[in-house]
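Note sheet for the following structure.
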Amino acid sequence: MKIIVVGCGKIGSAIIESLVAEGHDITAVDINQSVINDTNNIYDVMGVCGNAVDYDILNEAAAETAELLISVTNSDEVNMLVCYIAKKMGAKYTVARVRNPEYNDKRLGKVKQYLDLSLTINPELLAAQEIFNMIKLPAAFKIETFSHRSFEMVELVLKDGSELVGTSLMALRKKYKANFLISIVKRGEEVYIPDGNFELQIGDRICIIANYTEIQKLLKMLALAKKQAKTVMILGASKTSYYLAKMLLRSGNNVKIIEKDIENCEKFAELLPGAVIINGDGTEQEVLLEEGINDVDVFTALTGIDEENILVSCFANSKDISRVITKVNRGELVSMAENLGLESVISPKHAVSNVITSYARALRNSLGSNVETLYKLMDGKAEALEFKVQPDFKYKNIPLKDMKLKKDVLIAGIIRKRMAFIPSGDDEIIAGDKVVVIAKATEQKMDDLSDIMR
């Protein structure tokens with residue numbers, strides 16, 4: 001597809017990287033010539049320098065023939081205006097980054113309708129939701145959800161003493177009376193889509209898929225279930241912090257936010273009357289100790305500086321806190337943070353690139369099923385996709401055991417009406433189902449459920 005990306009900052013670059021990998025024809029637009037030069041040097045894209053609100057700049061980028069325009073500059077208003085102008089020029093679909101909490105309420109639906117926006121994305125809100133999910137399921141390092149949480153995929157690392165170590169997956173399913181599936185295993189740098197004979201080892205990073213109730217049951221059986229977090233300390237009064245604190249307060253948690261800028265403190269105190277806002281430098285150990293870091297259940301670093309988040313999280317880790325969650329945007333620092341022992345690292349730009357990649361695949365597809373959700377897993381070496389099955393899907397009403405699937409592809413779950421289940425070989429896919437597929441990442445991208453067949 002011909003896609004225009006306006007704004008080549010952290011989020012824009014992540015989107016461009018994922019869409020180039022998908023094989024799309026990309027035009028990058030940014031007001032800064034050096035940014036365009038850097039983008040052209042890294043990716044095989046066409047670059048246009050200028051203000052995208054200017055009709056002539058959008059015309060140079062050929063907005064009238066674009067199948068998709070994505071505007072992710074630092075200004076919500078610019079993003080919405082660019083999308084509006086591009087749509088009037090002939091762009092088929094438009095996506096705007098809208099981050100301001102004032103827009104992200106009931107009014108957003110009206111804004112989308114008036115401006116004819118196809119989709120809005122909010123990196124900070126996506127990151128906050130991801131962190132909230134992790135706090136609510138303390139045993140998991142990462143959690144992905146499908147079909148409004150009908151299914152959850154949790155990521156765990158097997159440590160010495162784990163009952164899962166040295167056992168085949170087939171034996172595990174028989175031993176534990178829970179309806180779950182271990183769908184991906186990362187061992188060192190290798191990623192496996194395991195079969196029933198696969199045996200788990202210490203250090204394996206695994207993905208377990210099941211509905212929420214079954215996940216809780218399994219974790220309890222494995223003695224991995226931890227008490228629900230009550231007190232949460234947040235470093236930095238950022239947009240992500242605001243969205244997260246709002247979710248936590250609504251859920252009954254005690255929230256303390258440490259922020260060194262007095263104006264931000266005053267603003268947050270007004271917006272979040274239920275939270276405790278502390279004006280102080282959270283990079284100073286004395287401040288953290290004085291504010292009770294030793295007594296919190298969860299510490300999360302959400303400043304705009306990756307290095308600061310990593311360093312303070314390492315200090316929090318040394319205090320034996322149940323859960324430390326770190327926001328890191330720069331890709332090269334994510335693996336560094338994990339090597340330093342930070343197990344729960346989240347990246348807003350990765351969450352956004354997943355949403356955009358999923359949306360682009362859905363637009364490109366016309367074969368009887370649509371990509372509704374897509375997650376890049378295990379450092380991008382595996383994918384989890386959710387497809388909506390249309391009436392003309394040609395492989396429906398066939399037992400799964402009779403389907404010839406490609407290598408390293410797994411049908412991990414089916415959501416039928418309000419029921420979510422792990423399918424057996426005798427189950428069939430029917431129209432209206434949502435199907436969760438796990439696969440190793442390859443150059444051949446799955447746009448449609450039919451792509452899993454040999």
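Taking the condition of a type in the set (A, V, I, L, M, F, W, C), at pLDDT 95 or above and open to solvent by less than 20 Å² (accessible area, probe 1.4 Å), does Ala269 pass? Against the criterion (of a type in the set (A, V, I, L, M, F, W, C), at pLDDT 95 or above and open to solvent by less than 20 Å² (accessible area, probe 1.4 Å)), Ala269 does not qualify.
Is it true that some residue in the range 143-154 is part of a loop (DSSP other than H, G, I, E, B) and hydrophobic (A, V, I, L, M, F, W, C)? The answer is no, given that none of the residues of the range 143-154 is part of a loop (DSSP other than H, G, I, E, B) and hydrophobic (A, V, I, L, M, F, W, C).
Selection of the range 285-304 for residues being more than 26 Å from the chain's Cα centre (by Cα) and either of a type in the set (Gly, Ala, Ser) or loosely packed, with under 14 Cβ neighbours inside 10 Å (or both) yields Gln285, Glu286, Leu289, Glu290, Gly292, Asn294, Asp295. The condition of being in a loop (DSSP other than H, G, I, E, B) and at pLDDT below 95 holds for only one of Asn74, Asn51, Asn41, that being Asn74. Look at (1) surrounded by fewer than 22 Cβ atoms within 10 Å (Cβ to Cβ); (2) assigned to a strand (DSSP E or B) and you find that Leu311 fails only one, number (2).
Test Glu124 against the stated conditions and say whether it is assigned to a helix (DSSP H, G or I) and surrounded by 16 or more Cβ atoms within 10 Å (Cβ to Cβ).
yes
Of the listed requirements (1) free of Cβ contacts under 8 Å to residues at least 60 places away in the same chain; (2) open to solvent by 10 Å² or more (accessible area, probe 1.4 Å); (3) in a helix (DSSP H, G or I), Cys83 misses just one: (2). Scanning the range 300-321 finds no residues that are touching a Pro at 6+ places or on another chain (Cβ under 8 Å) and touching a residue at least 60 places away in the same chain (Cβ under 8 Å). Candidates in the range 179-225 are the residues that are among the polar types (S, T, N, Q) and not in a strand (DSSP E or B); of these, the one that is nearest to Lys440 (Cα to Cα) is Asn197.
Scanning the range 3-26 for residues that are open to solvent by 10 Å² or more (accessible area, probe 1.4 Å) and part of a strand (DSSP E or B) returns a single hit, Asp25.
Within the range 226-257, if we keep just the residues that are in a strand (DSSP E or B) and of a type outside the set (Ser, Thr, Tyr), the residue that is most open to solvent (accessible area, probe 1.4 Å) turns out to be Asn254.
Return yes or no: is Gly331 at pLDDT below 90 and on the phi > 0 side of the Ramachandran plot?
Details: at pLDDT below 90: yes; on the phi > 0 side of the Ramachandran plot: no.
Criteria not met by Gly331.
The values are calculated or read from the model by the stated rules, or taken from the named source; none is laboratory data. Predicted, not measured: the structure shown is a model, and the values here were computed from it. Backbone-built Cβ (ideal geometry, glycine too); neighbour counts: all protein chains shown. Heavy atoms of the whole protein, side chains included, go into the accessibility calculation; ligands, DNA and RNA do not. Shrake-Rupley method; radii C 1.70, N 1.55, O 1.52, S 1.80 Å.
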